[in-house]
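Enquirer: Before I ask anything, here is the structure I am working with.
What follows draws every value from the coordinates through simple rules; no lab data is involved. Here the structure is a predicted model, which means the values were calculated and not measured. Neighbour counts are summed over all protein chains in view; Cβ atoms, including those assigned to glycine, are modelled from backbone coordinates with ideal geometry.
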Amino acid sequence: MRYDKTRKVLELARALASSAEGLTLDEMCHVTRCERRTVERMRDAIREVFPQMEEIPDYPTKRFRIPSGLDGFFQDPTTEELSDLGLATAELREAGAVSRSESLAGLERKIRAAMRHARRRATETDVEALLRAERIAVQAGPRPAEAPEVLMVIRQALLGMKVLRFVYHGGSRRGASRDVVPYGIIFGRMNYLIGAEAGTTKPKHWRLDRIEKLQCLGMTAAPPADFDLVAFANTPFAYFEGPQEDVVLRVLPSGMDDFKNHRFHSSQTVEDHPDGGVIVRFRASGMLELAWHLFTWGNKIEIVEPPSLRHQITHELRVALAHHEQPVRLKHNLEKRAS
């Protein structure tokens, strides 16, 4: 227990030293996962060790920070932190995220170079052992395109608030040149530029692997002041755009073990069902992708609302069934050629 308290104090000190604007007491509670009185005592203890801690008025509260940072003794990463960084780098590399994996690999080299020599030697063997013992499972599915030169231009436009021009091999005008105001980037099973065509404000998804001849123009433009990329990313079930609908699902008792560590949507609410299982409610667009996902639940889930979602999944099932019940023509043709 004493070790745990010491670790939390060090974590809080690091957080106070790494924050440019400082932390409120509530934010310190979130960092340490401790109650307010405990955090106040930890803050006071840190102030005794680091008297340079600043108290910044921020009505109706106050913020605290350590402006000059911490020395290397307090900042050396742990074995677990270095191992997790290596795993994150490997996971991005396996997923095809070449640019971001190279960025993390460069960060790891800088961290190791900044460590004290004795500490670096002491951790290297343990980190390598953990990396050999912990591997990333390669999942079936698309590998999103992530060309470093494309990301570099998009980030340049985002930072400089400039318009992007590119040829887009998708949408209703395949191969047409588009001028787009960039709003942000969403990484996932597919990587998307989020932005609105020049002259409009409605954000759209632009797949990075369908973008060619990308250039950053001199025209200045920025997303609307009230645009929230996190809120936008959490609106659809996945990436397909469309009208939002209220979704109600019942997870049956047979599916509760799977549901314990599952989330359908960031806005979901969960309530117990009187006959067992739970009712899950959320509002989202992208019913086709939701139907595909619900298929993986088999008979462990029921679609209560909307009726259109039930129709969508039954239609997809009928199409798949009709296709797979047909004779396997390829096998027949191969056998015919062989004979």
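Enquirer: Give me the orientation-averaged projected area of the Cα convex hull of the range 2-73, in nm², one decimal.
Expert: Value for the range 2-73: 4.7 nm².
Enquirer: Give me the Kirkwood hydrodynamic radius of the range 157-255, using the inverse of the mean 1/r over all pairs of distinct Cα atoms, in Å to one decimal.
Expert: Evaluated over the range 157-255, this radius sits at 14.9 Å.
Enquirer: Then there's this: If the cut-off is a Cα-Cα distance under 23 Å, which lysines reach Lys300, setting aside same-chain residues fewer than 8 apart in sequence?
Expert: Lys260
Enquirer: Treat each spin label as a single point 7 Å out from the Cα along the C-beta direction, and report the Arg121 to Asp179 distance in nm.
Expert: Each label point lies 7 Å from its Cα, and together they span 6.2 nm.
Enquirer: Under a cut-off of 27 Å between alpha-carbon atoms, report the lysines in cross-link reach of Lys62, not counting same-chain residues fewer than 8 places apart.
Expert: Lys5, Lys8
Enquirer: Let me ask you something else. Please give every one of the aspartates and glutamates within straight-line cross-link reach of Lys204, meaning a C-alpha to C-alpha distance under 14 Å, and leave out same-chain neighbours fewer than 8 residues apart.
Expert: Correct list for Lys204: Asp179, Asp228, Glu241.
Enquirer: Can you give me the long-range amide H partners of Val304? Hydrogens built in the peptide plane at 1.01 Å from N, cutoff under 5 Å, separation of 5 or more residues or another chain.
Expert: Val248, Leu249, Arg250
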